[in-house]
1. Please go through the stretch 460-480 and pick out each residue that is in contact with a helix residue (DSSP H, G or I) (Cβ under 8 Å, 6 or more places away or on another chain), over 20 Å from residue 431 (Cβ atoms) and assigned to a helix (DSSP H, G or I).
2. Quick one: which of 333, 270 is among the hydrophobic types (A, V, I, L, M, F, W, C), under 30 Å from residue 348 (Cβ atoms) and not assigned by TED's automatic domain parsing to the domain that holds residue 178?
3. Is it true that residue 435 is polar (S, T, N, Q) and farther than 18 Å from residue 382 by Cβ?
4. Counting only residues that are among the charged types (D, E, K, R) and under 25 Å from residue 183 (Cα atoms), which one in the stretch 390-426 is modelled with the lowest pLDDT?
5. Within the stretch 514-536, take every residue that is of a type outside the set (Ser, Thr, Tyr) and surrounded by fewer than 16 Cβ atoms within 10 Å (Cβ to Cβ) and give me the one that is farthest from residue 578 (Cα to Cα).
6. Collect the residues in the stretch 310-363 that are of a type in the set (Asp, Glu) and under 22 Å from residue 553 (Cβ atoms), keeping them in residue-number order.
7. Out of the stretch 384-432, which residues are of a type in the set (Gly, Ala, Ser), in a helix (DSSP H, G or I) and within 20 Å of residue 362 (Cβ to Cβ)?
8. Of all residues in the stretch 509-541, which are polar (S, T, N, Q) and part of a loop (DSSP other than H, G, I, E, B)?
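The values are calculated or read from the model by the stated rules, or taken from the named source; none is laboratory data. Because the structure is predicted, anything quoted here is derived from the model rather than measured. Here the Cβ positions follow ideal geometry from the backbone for every residue, glycine too, while neighbour counts run over all protein chains shown.
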Amino acid sequence: MSSLHPGRPRLRLRVFSAVILIIGLIFGWRLVDFQLVHAPEINKISYDNRSITRVLPAIRGEILDSSGNVLAQTILRYDVNAAPNIVADYSVRQNGQDVTVTVDQAAGEIASLLKMSKAKVLAKLAGTSKYSNIAKRVDASVYRQLQALDVPWLFYDAIPSRVYPNGAVAGNVVGFVGQDSTPLAGLELTMNSCLAGVDGQETYEKGALDGIRIPSSAIVSKAPRNGSNVVLTLNSSLQYYAQQVMLNYVASEQAQWGTALVVEVKTGNILAAAEAPSVDPNKPGAVRSANRGARIFQTAFEPGSTMKSITAAIAVDTGKATPATRVLAPFRIILPFGGYIQDSELHPPMKLTLTGVLRDSSNTGIIQIGGKVPRQTRFNYLKKFGFGARTSVNFEGESSGLLRDPNTWDKMTDKVSMFGQGVGVTPIQMAMAYQTIANGGVRLEPRLVAGCQDASGKMVATPTTPGTKVLKPATAASVINMLEKVVEHGGIGHTASVPGYRIGGKSGTAQVREPNGYYGIRHAISFIGMVPANDPQYVVAVSLYKPVTFSNSLGATPPFKAIMQQVLRTYRVPPSTTKSKWLPEQW
């Protein structure tokens, strides 16, 4: 074994230098390996350890009425956060001088703006954590005031928040979203494909020591695409008025609920879709779940005598009757298969024409005339009128009503269906059936959504379908003439008249079938009418469900009249200058 002897210093120096050189080469190679060969991989690991990726939420589109008034919009609210591990006194520049702000002073100012106690704020600032939430979802005004304090250890997260500036106006059809902006009901859900945008993505770096976001490090890898606006056919002013009317009458008549529709005859546009009780989408939990939906689309009920107009139209259109067709209408008819049909009030046999049958709303009269039309034919007409099918609005949870195949009808259903029992309709279906008559026999699909409007203002209109020809124009005109007599001379109908205007309409009272399958003592009452009768432009349909203070449709005419008068004022409909056509009502 060789050894270094003290007498050989040069050899020792060479060996020592060689060792140093080898070590230097090793470290040099490792440095080259780290900085050049594996630098991308190392940088990625380092960046991943200090980088944060977060979603940039897209702003949900607005819901607007026909004039651009906002019914739903998204605003930014802000979560106020702190980093307790770096909370300390700090300096601000005031009047050209540096002024020290203590933590206690800052906490007092923050507490004042957030309407919190200083002690509570100080408690949230205590500790060594890198994150502490002080307040959630403060509005933009408070956020700007907090920013003006220039507190270095405060930071903020912008949170999109859905708000409904007009509260309960159209709340039942507008719907609402959850805390996380998930659509839960109404048009918020039905029109989500238009309203919802596409979220983006942002990556930023945080400080190694304090864990605080480095503002200059943010990289937007995917920009968010905001949602588009939904433009409705509703007139929010008319909507508000109709809701107030229905709210008052539901309360005064102690009804379970009420609805009111205003439809533009020539377009099918829904100008008002009012309900009571209504829901404020800002706080949907404040009302019962049953009152958060839109009964106009979602709830079916037996319509009662408003269906007599449809039965009369079918009889006239098939040539089985005219407005002057005569019938002897007793109070009660005993049916050959058992059971009976009777009118609402006791009376001697009446010599009525079809016009008189509608005027007096005679059950015994309408089944004699409507019964001349085979049940399959009547069923086919009802389908053409839109009964038994959802509308093209395709509202979430929309009901198709109840219209069974006529082969399954028993003998009693065959009779009572002619005056609106044994069938189920939604308020929108019934309103559109009268729109069909008012529109010369052509049924249009109802339109609640005019279209989807992007950020540039370009609107993709809701597709429209060609009108369905249901009645001959002459038939529709004859039915309108008869409905005018209901309003002019009817015992209940005349309470729906508006001086100076020709109005055609029909009342409806139907016993409500209870869950046990039997008819109870409460009723669904309605009145549906059109104006002006000589050239109908608007249909108003009002329904009240299970009122206590009224047992007949006399309770439906006051809200109908109030809303109809507002329609006339809103759209400046001139008074009628012609008289209604004379028709025989008795013989």
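1. 478
2. Details: 270 fails: under 30 Å from residue 348 (Cβ atoms).
When all the criteria are applied, what remains is 333.
3. So residue 435 fails the test.
4. For the stretch 390-426, the residue satisfying everything is 396.
5. Looking at residues that are of a type outside the set (Ser, Thr, Tyr) and surrounded by fewer than 16 Cβ atoms within 10 Å (Cβ to Cβ), I get 516.
6. 343, 345, 360
7. Matches in the stretch 384-432: 417 only.
8. Within the stretch 509-541, 516, 534, 537 meet the criteria.
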